[in-house]
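Worksheet: one structure, shown below.
The values are calculated or read from the model by the stated rules, or taken from the named source; none is laboratory data. Because the structure is predicted, anything quoted here is derived from the model rather than measured. Here the Cβ positions follow ideal geometry from the backbone for every residue, glycine too, while neighbour counts run over all protein chains shown. Quick note on the areas: whole protein, heavy atoms, side chains included, nothing else; ligands and nucleic acids left out. Shrake-Rupley method; radii C 1.70, N 1.55, O 1.52, S 1.80 Å.
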Amino acid sequence: MGRLIEMPAALGRWSRAYSKSHAFREVLQLPKMELTKLVFPLQELQRHLHPDARSDLHLRVFDPSLEDIARAEGFFTATPRNRIEYLSSAVRLDHAPGLPRPEVCFIGRSNVGKSSLIKALFSLAPEVEVRVSKTPGHTKKMNFFKVGKYFTLVDMPGYGYRAPEDFVDMVETYLKERKNLLRTFLLVDSVAGIQKADNIAIEMCEEFALPYVMVLTKIDKSSTGHLLKQVLEIQKFVATKTQGCFPQLFPVSAVTYSGIHLLRCFIATITGNLKTN
């Protein structure tokens, strides 16, 4: 929070330095409280906690500066030299594009908002088509997106309701055998919390010893009290029931874009393309 208190004097300098990142330049002009809510949603929730419970949120595991976040925006901004595009789809690992660059994948229950989140992550590359449907189970294949020369992002089919018949063979094989997969992003509905199908996915990540991250979606649909309750419960679950899950949660909204900038920065960092200060 100290960085945010000192931020007003630096706004002009950061805005000029990162003028290529138009969206984040506008974010930096927001009042401090609005900026915190948009960029650091966990820190916003912290305000509503009793001081004795604030350590439960694990806020400082990934703690980039606003400058780091601004730099990360460049990796997700489409330019003639940084092409961001859909590559191909696959129903089997041997049909997947053989790319040497780092890879991250997004997986979650049907209707968790996975495609909407990926579309929000690619909002700085509006020509990239990420199909979003109101019908659960719309994604039936593994969809591969190239993010410049930096990394590949994979949109996996949803599990649970209306999952593809070959979901297990498709996804398990990919998660077990994809050599350049660096991190799996497991999406959990922040309104519903961890469901039975999510537990199965968590067990799969743990069994395969995959490093994974929990992303809490649709935080715009939760009241502050309900969201805080879910975050604390899920945080406790991660701390006591998992081995491979990153200790910090990432609450996001594909509607308000809360948490999207921080998630972009995390992806840029773990793929080795951004060195945070």
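Calculate the dipole size of region 153-277 relative to its Cα centre from +1 charges on Lys and Arg beta carbons and -1 charges on Asp and Glu beta carbons; express the result in debye to the nearest 20.
540 debye
Leaving out ligands, DNA and RNA but keeping every protein chain, what accessible area does residue 203 have, in Å² rounded to the nearest 10, with a 1.4 Å probe?
120 Å²
Keeping all protein chains in position, work out how much accessible area residue 207 exposes to a 1.4 Å probe, and write it in Å² to the nearest 10.
About 140 Å², ignoring ligands and nucleic acids.
Pairs to check: 218/241; 114/149; 37/176. Give those whose C-alpha atoms are more than 32 Å from each other in this structure.
37/176
Among 274, 260, 192, which residue has its Cα positioned farthest towards the positive end of the charge dipole of region 142-277, with +1 placed on the Cβ of Lys and Arg, -1 on the Cβ of Asp and Glu, and the dipole taken about the Cα centre?
274
Ordering 101, 60, 83, 25 from largest to smallest accessible area (1.4 angstrom probe), what's the sequence?
83, 60, 25, 101
So how strong a dipole does region 46-105 carry about its Cα centre when Lys and Arg Cβ are +1 and Asp and Glu Cβ are -1, to the nearest 20 debye?
160 debye
Highest mean first, what order results for 261-270, 221-230 on Cβ atoms within 10 Å?
The peptides rank, most packed first, as 261-270, 221-230.
Once a ≥ b ≥ c are taken as the square roots of the eigenvalues of the Cα gyration tensor of region 171-277, is the result rounded (a/c under 1.5), prolate (a/b larger than b/c) or oblate (a/b not larger than b/c)?
Oblate, because a/c is 1.5 or more while a/b does not exceed b/c.
Starting from the residue with the highest accessible area, list 32, 37, 218 in decreasing order, probe 1.4 Å.
If we order 32, 37, 218 from most to least accessible, we get 37, 32, 218.
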